[in-house]
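What follows is a single structure, written as structure tokens, with notes after it.
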Amino acid sequence: IINELPKEKEKLSDTFFKNFPKFVDAVNKFGDKSYFILKEYMTKLISEYLTNNNAIYKSNIDLVNSISDGLVYMTQFIKDEDKGECILTIVIKMAQDDFEERKREVAMRLFGELTPYLQSDLINLYIIPQVNSFSDDHCVNVRKEAAKQLYKISEKVGKETFKRRLLPVYKQLAKDT
């Protein structure tokens, strides 16, 4: 059923992803099998929608937001050692799409929302460089989202990391009209 969802009509997808946290909670009752379902199937499903389907960014941004919220919710159930491979690779792939600005905007929002669930090494290696990159993005909405998420990301990094790597980004974005 999960593998067939990307092929289903948008309406079914809307309903499924609006209720995604309930689905994750129900799956988590399966014990050891639940982790495999979340890690192997659900991350691939979410990746299919968020990274391989540019059309939904134009036609159904509410669906994109529901899927993104589901990814954030599911992250709390993914083991720390798997979050880079399973979760961040999806968002990084979204962030690197030079042709779809809404995808980059959603990726930046996800970087901020995922930060509380990530270890500092992942934040330092992947999120901070992307925030630096987005502070120069040609799309104003991507830069705006970077400015919005800067606070959430800053809360999770140390004082020195903030001074050295994020304060210059803040200063740059503060000058942006």
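The values are calculated or read from the model by the stated rules, or taken from the named source; none is laboratory data. The structure presented is a predicted model; accordingly, all values stated were derived computationally and were not measured. When we count neighbours, we look across all protein chains shown, and the Cβ atoms used for this are built from the backbone with ideal geometry, even at glycine. Heavy atoms of the whole protein, side chains included, go into the accessibility calculation; ligands, DNA and RNA do not. Shrake-Rupley method; radii C 1.70, N 1.55, O 1.52, S 1.80 Å.
Assuming R0 = 25 Å, can you tell me the calculated FRET efficiency for the pair PHE99 and ARG165, based on Cβ-Cβ distance, to the nearest 0.05?
According to the calculation, E is roughly 0.35.
What list of ³J(HN,Hα) values in whole Hz, one per residue of the range 19-25 in order, does the Karplus curve 6.51 cos²θ - 1.76 cosθ + 1.60 (θ = phi - 60°) give from phi, with Gly and Pro shown as x?
For the range 19-25, the Karplus curve yields 9, 4, x, 5, 4, 4, 4 Hz.
Describe numerically, in nm with one decimal, the distance between label points set 7 Å from Cα along Cα→Cβ at LEU125 and at LYS152.
Taking the simple label geometry, LEU125 and LYS152 are separated by 2.2 nm.
Cα axis of helix 61-75 to longest principal axis of the chain: angle in degrees, 0 to 90, nearest 10?
The helix 61-75 is inclined about 90 degrees to the chain.
With each label point set 7 Å from Cα along the Cα-Cβ vector, what nm distance links VAL140 and SER34?
For VAL140 paired with SER34, the spin-label model returns 4.6 nm.
Treat each spin label as a single point 7 Å out from the Cα along the C-beta direction, and report the GLU48 to GLU81 distance in nm.
2.9
Roughly how many percent of the accessible protein surface of the chain is carbon and sulfur, given a 1.4 Å probe and a whole-percent answer? List each step's numbers first, then the result.
Working: 4950 of 9650 Å².
Roughly 51 percent, rounded to a whole number.
Counting each DSSP H run of 4 or more residues in the chain as -39500 (n - 2.57), what helix-only mean residue ellipticity at 222 nm follows after dividing by all residues, to the nearest 500 deg cm²/dmol?
Details: 12 runs with 110 residues, N = 177.
Result for the chain, helices only: -17500 deg cm²/dmol.
What accessible area per residue, rounded to a whole number of Å², is obtained for the chain using a probe radius of 1.4 Å?
Details: 9650 Å² over 177 residues.
Accessible area per residue: 55 Å².
Sequence gap at least 6, Cα distance under 8 Å: using those rules, report the relative contact order of the chain to the nearest whole percent. Don't skip to the answer; put the middle values down first.
Numbers: 157 pairs, mean separation 30.1, N = 177.
Reported as a whole number, the value is 17 percent.
Name the trypsin sites (Lys or Arg not before Pro) in the range 40-100 that are in a loop by DSSP and that have at most 13 other C-beta atoms within 10 Å, would you?
LYS79
In nm, what is the difference between 0.36 nm times the number of residues separating ALA26 and TYR41 and their Cα-Cα distance? Could you put the intermediate results ahead of the total?
Working: separation 15, 0.36 × 15 = 5.40 nm, distance 1.48 nm.
That pair, ALA26 and TYR41, stretches by 3.9 nm at full extension.
Report, to the nearest 10°, how far helix 43-52 tilts away from the longest principal axis of the Cα atoms in the chain, using its own Cα long axis and a range of 0 to 90°.
60
Tilt of helix 101-114 relative to the longest C-alpha principal axis of the chain, in degrees (0 to 90, nearest 10)?
With rounding to tens, the tilt is 90 degrees.
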